[in-house]
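A.B. asks: My questions will all concern the structure given below.
The values are calculated or read from the model by the stated rules, or taken from the named source; none is laboratory data. Predicted, not measured: the structure shown is a model, and the values here were computed from it. Don't worry about glycine lacking a Cβ; one is built from the backbone with ideal geometry, like all the others, and counts go over all protein chains shown. Protein only, heavy atoms only, side chains kept; ligands, DNA and RNA dropped before computing areas. Shrake-Rupley method; radii C 1.70, N 1.55, O 1.52, S 1.80 Å.
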Amino acid sequence: MSDQPPAESMRDMAAVAGPDGRLRCPWGLSAPEYVAYHDQEWGRPVRGEVAIFERLCLEGFQSGLSWLTILRKRENFRAAFAGFDPAAVAAFGDDDVARLMADAGIVRNRAKVNAVITNARAMLDLPDGLTDLVWKYAGEPAAAPRTLADVPSATPASKALSAELRRHGFTFTGPVTAYATMQACGIVNDHLAACFCRDQ
């Protein structure tokens, strides 16, 4: 799960009371950006081509980094990648790649930058769109995890989603990134059992 803090000591933690007294997933309390993201976005159903494409791209950029880094650069990413409009990004060329690689406001990783452009082009060729493709992997709700240790980093569904994305030409969408996208889009609900967001 890309949104967990790196400390292994937190793995066995259950929901923790925040400053307002409400119980939250422990990772959701370490910084103000995490609190807002946890409370208002993560695990809530998201639909729409731009919204899902943005989350898929940001999860790809997060690979190997802190999710907090990505959250803090999110507006810069949106500005750099034309609001994650797939048609606009698909039209990016060498000059755009050079511009992005010079943009200190984003993560300047050439492979990840190129993946966003490649994925935008692949997305435009999807017969039914990215929203339908991703949401068809929503299954029956699983039992609520009690601690962070109960939250998987990948599942059979995320492995299948990853494989289908690859078949359509997507890159940087391995099973862990696919699962993080499923979490971010509310396709799965991995808020802990005692977390106040669990049933919202």
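A.B. asks: Hey, among the residues in region 162-176 that are buried (at least 23 other Cβ atoms within 10 Å of the Cβ) and not aliphatic (A, V, I, L, M), which one's farthest from the chain's Cα centre (by Cα)? Steps first, answer last, please.
C.D. replies: We begin by selecting, within region 162-176, every residue buried (at least 23 other Cβ atoms within 10 Å of the Cβ); these are 165, 170, 173.
Going one step further and asking which of them are not aliphatic (A, V, I, L, M), we end up with 170, 173.
Details: Phe170: 15, Thr173: 11 Å.
Only one residue fits best here, namely Phe170.
A.B. asks: Show the residue pairs meeting these rules: Cβ distance below 8 Å; 6+ apart or different chains; first residue within region 175-200 and assigned to a helix (DSSP H, G or I); second residue modelled with pLDDT under 95 and of a type in the set (Lys, Arg).
C.D. replies: Cβ pairs passing all conditions: none.
A.B. asks: Please state which of the following conditions Val97 fails to meet, knowing it meets all the rest: (1) of a type in the set (A, V, I, L, M); (2) over 18 Å from the mean Cα position of the chain (by Cα); (3) at pLDDT 95 or above; (4) surrounded by 17 or more Cβ atoms within 10 Å (Cβ to Cβ).
C.D. replies: Single failed check for Val97: (4).
A.B. asks: Restricted to region 26-64, and to residues that are in a loop (DSSP other than H, G, I, E, B) and among the hydroxyl-bearing types (Ser, Thr, Tyr), which residue is nearest to Ala184 (Cα to Cα)? Steps first, answer last, please.
C.D. replies: Within region 26-64, the subset in a loop (DSSP other than H, G, I, E, B) is 30-31, 41-48, 63-64.
Subset that is among the hydroxyl-bearing types (Ser, Thr, Tyr): 30, 63.
Values: Ser30: 18, Ser63: 14 Å.
For region 26-64, the residue satisfying everything is Ser63.
A.B. asks: Moving to a separate point now. Only residues in region 1-22 that are in a loop (DSSP other than H, G, I, E, B) count as the first member; pair them with residues that are at pLDDT below 90 and open to solvent by 70 Å² or more (accessible area, probe 1.4 Å), Cβ under 7 angstrom, at least 6 apart or cross-chain, and list the lot.
C.D. replies: Pro5/Ser30
A.B. asks: When you check Cys25 against the structure, is it in contact with a Cys (Cβ under 6 Å, 6 or more places away or on another chain) and modelled with pLDDT of 95 or more, yes or no?
C.D. replies: On the way: in contact with a Cys (Cβ under 6 Å, 6 or more places away or on another chain): yes; modelled with pLDDT of 95 or more: yes.
When the stated conditions are applied, Cys25 passes them.
A.B. asks: Just for region 51-66: of the residues that are over 18 Å from Arg108 (Cβ atoms) and not aliphatic (A, V, I, L, M), which one is surrounded by the most Cβ atoms within 10 Å (Cβ to Cβ)?
C.D. replies: Kept after step one, since they are over 18 Å from Arg108 (Cβ atoms), are these residues of region 51-66: 51-56.
In the following step, the residues that additionally are not aliphatic (A, V, I, L, M) were identified as 53-55.
Working: Phe53: 24, Glu54: 22, Arg55: 21.
The selected residue is Phe53.
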